[in-house]
Each structure stands twice: as structure tokens, then as C-alpha cells.
Amino acid sequence: MRALQPLLRRKLRRRGLQEPGYLMNMPERFGLYDGLSPEPGRIWVHAVSLGETRAAAILIEALRAVGPDMRLLLTHSTATGWAQGQSLLRPGDAQAWLPWDTPEATRRFLQHHRPRLGILMETEVWPVLVQACVQVRVPLALANARLNDQSLRSGLRWLLLSRPAYRGLSAVWAQSPEDAARLGQLGATVEAVLGNLKFDVQPQPDALALAQVWRQPWHHQGLPCPVVMLASTREGEEAMWLQALMAKADRLAAFRAAGVVWLLVPRHPQRFDEVHDLLAAQGLSVVRRSNWDWGQPRPVHADKVQVWLGDSLGEMPVYFQSADMALLGGSFMPLGGQNLIEAAAFGCPVIMGPHTFNFAEAAQNAQQAGAAVRVSDVDSALDQVLAWLRQPAELAIARQKGLDLVAQSRGAAKRYAQAIAGLL
């Protein structure tokens, strides 16, 4: 790990060319700090990236309800996680990078911040960090814990590292019994199965109002345009969608006749320009979120494929509430998919591909509940889009099934907050 530090610095500088956030406070990545240490005693929550930060937001709100005077230390590993996390801070809170997992960096991190308790979100367990917390007696818990089969196989191959790391955690609270069983194979002592925090996401009135503003100008033959979202797409999936879209003239004509607007939201912000150029090169009519002209009428023409490009961060709730249905990014290539709970919570039925191993339980539950449909490829996904457009009653049923699924599964945030209070 020490020997790899120069490579990490090079990687951070390269990523920083596309996402400047990676260049911010870079010494913190190596446990180097200027000035006096911050006030000790904060509750430390580590949310590695964007998805974990959204889950952490739900947990932090529940923790503040239990202890209104709680002071927070929020750490991340990615620029998108950091950007999302800034909205969660209050006066007296702090935000930092989690350092590279070497004994020196983790020791300096703990000496500098002196947290009262650490909470790792979902999957982020680092051997040296766990060992350092044990040595300085900082309780370290894993909340909303999940572990898929692929990660289990990797952990079993590196059991000399993974088993002491999981055994060193003060508490582990799993999302599901299946996750608990897999975590147990790596040595974790799972205190309880408390559910998935993301089911506790709540639609915000301002997000719904903004979604309505976005949709209002778009009309086709006097009716609101149907909006089909490609949610959190990964590299290669936009090209797959374009190829499938153009492959069948009769289906493309049907989409145009219905006035369909496609909403593409790439997973990673460094790809926004790349995706825009790909769409523009195909002659599509592309409007970027970053320069939308609010309130201006936008007639949809039958000879053009209309695309919104969602090139912003932190607005997924608005995007889901703007869409009539969504294709799940990361599931049409062997990348494991994305979490579809947020889509269900905002009444957006999901069409997912064959690869959802990162969120297998959520995908299976949504499919069984009727809130999601699984297809074999992008071509079949477009057929399903057309079927739902032609059968709006079936689409409405899927939307309600998603809302019902989320409503039945809420309550995890309160359970996690009570468990953490007990650990304190």
C-alpha cells in the first residue's frame, strides 16, 4: 500500500482534470493536515461515493432526531460523494477525505479528528483502518451492510486480510438475511438485520415542483410528452441504446409518433461531454440540463429524436419524478446495475437488464412486486417501453406497485439510529 502511493497521486491528478473535486485537499488522502485538530467527539460517517452518501443522508437525519446536538464528521473517497455530502453539513460539522489505507495515514486521521464513533456505510471495510480503530478504541460499525456473491468470493480469496477486518468491527447491521449470511462467512458478527435505509427516502415537495416545471414546456399534439429515462448509464450503454433505437424503423416511428422525450443521466460526471458529443453526432436534438431555458415552449417534431441530457449532480429525485419510466443503467452490461429503490419511491417503474448482482435483493423484490420488469437486452427494453406506452393502465399499476413496495419497507432509519445510540 505504501509503494502504491505515487500511483494514487497520479490517478488523482488525472481524475482531477475531469473532476476538479479530486484535487481538493489532496494531502488529506495521505493523512496530512495543516493547523490545529478539529474539536474531538464527532460522530464519524464514511460514505465512499454518491450512492452511499444518499443512504447516509437518511441515516444522518434519523441520528439528528435522536440527538439534535450531534456533531458530524463526514468522509468520502469520490468527488461526487463529497459534492453530495456538502448539503448534509450543519454548523459545527466537518467534512474530509478518508485517507489511503496505510498505518501512518489512518493513525494520523484518527489522531487529528478523534471521533467518538465511526460508521461505515454499506461495503467500505479497510483492514488497516479497522485495526487502527481497534488500537485507539474508537468503535467502528458497518451500517446498511451488503455483500454480493462476487464480493464474497473476492473476500474468501483474501481471507487473511478480510477476516480480521470484519471481526474487528464493533457492530455490523445488515440489509437482509442473505447479506448477513455472506458477511458471516467473512468473519463478521452481524448484530441484526435492520433493512435497507434507502427505502426511507421521502419525496420532497420542491423536487416534485421542479419536475413539473421541467415537463411543462414539452408538448406533442397538445398533450404532455412521455419521458423515458436512462438512469445512471455507464460507458457503452448509451451507444447500445442508440443502436437498438435506430435498428427498427417501425418502432422508432412509433416513439416519434408518441412524442417520446428521452432523458439520459450518465452515472459519472466526467462523461457528460462525451455523451453529449455521441448524441449530437447522431443528429439527435439534445438539450443539456446545464443550459435549459425554463418555461420556453418546446414543440416536439416527429422527424427528430428528442433528448434531455441530465448533466447535473444531486438531482436524481427530480429526474425520476420527471420520467414516466426508466431503464436501469449498469444492468445492460456486466456491471451490477444500480439501486432502483429511489426510482420506486418516486413512482418511476423500472426496466432492468440481466446484470443486477450489486443489488440483487432489491431488484428481485421490485420484480416480484410488479414495480420492475427484467429483460434480456436493450432491444427488449425498448419493446417494453413501447408496450407500456400503448398500455398506460399497466404502467400506472407498475407505478403504484413501486410506491407500495417502498411504503411497506420503510422504518430502517429509525432502527439504525436506535442501534447506533445503543452502541454509544
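The values are calculated or read from the model by the stated rules, or taken from the named source; none is laboratory data. Everything numeric in this text was worked out from a predicted model, so none of it was measured. Ideal geometry is used to build each Cβ from the backbone, glycine not excepted, and the neighbour counts take in all protein chains shown. The accessibility values were calculated without ligands, DNA or RNA, using every heavy atom of the protein model including side chains. Shrake-Rupley method; radii C 1.70, N 1.55, O 1.52, S 1.80 Å.
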- Message: For the range 36-54, check the following and say yes or no: at least one residue is open to solvent by 30 Å² or more (accessible area, probe 1.4 Å), farther than 16 Å from GLU124 by Cβ and either of a type in the set (A, V, I, L, M, F, W, C) or free of Cβ contacts under 8 Å to residues at least 12 places away in the same chain (or both).
- Response: yes
- Note on the structure: TRP82: passes all of (1) within 30 Å of ARG415 (Cβ to Cβ); (2) open to solvent by 30 Å² or more (accessible area, probe 1.4 Å); (3) of a type in the set (Phe, Trp, Tyr) but (2)
- Message: Which count do you get for residues in the range 55-79 that are farther than 19 Å from TRP173 by Cβ, without any contact (Cβ under 8 Å) to a residue 40 or more places away in the chain, touching a strand residue (DSSP E or B) at 6+ places or on another chain (Cβ under 8 Å) and open to solvent by 10 Å² or more (accessible area, probe 1.4 Å)?
- Response: 1
- Item | Count of residues meeting criterion [within 21 Å of ASN144 (Cα to Cα), open to solvent by less than 10 Å² (accessible area, probe 1.4 Å), not in a loop (DSSP other than H, G, I, E, B) and not small (Gly, Ala, Ser)] in the range 106-130 | 6
- Message: Against the condition open to solvent by 30 Å² or more (accessible area, probe 1.4 Å) and either in a helix (DSSP H, G or I) or touching a residue at least 12 places away in the same chain (Cβ under 8 Å) (or both), how does LEU210 come out, does it pass?
- Response: yes
- Task: Give, as residue ranges, the helices (runs of 4 or more DSSP H) completely inside the range 325-424 that count at least 2 residues that are polar (S, T, N, Q).
- Result: 360-369, 378-390, 392-409
- Message: Which pairs turn up if I take residues in the range 131-144 that are in contact (Cβ under 8 Å) with a residue 24 or more places away in the chain and at positive phi and look for partners that are in a strand (DSSP E or B) and open to solvent by less than 10 Å² (accessible area, probe 1.4 Å) with beta carbon separation below 8 Å, at least 6 apart in sequence or on another chain?
- Response: ASN144/MET121
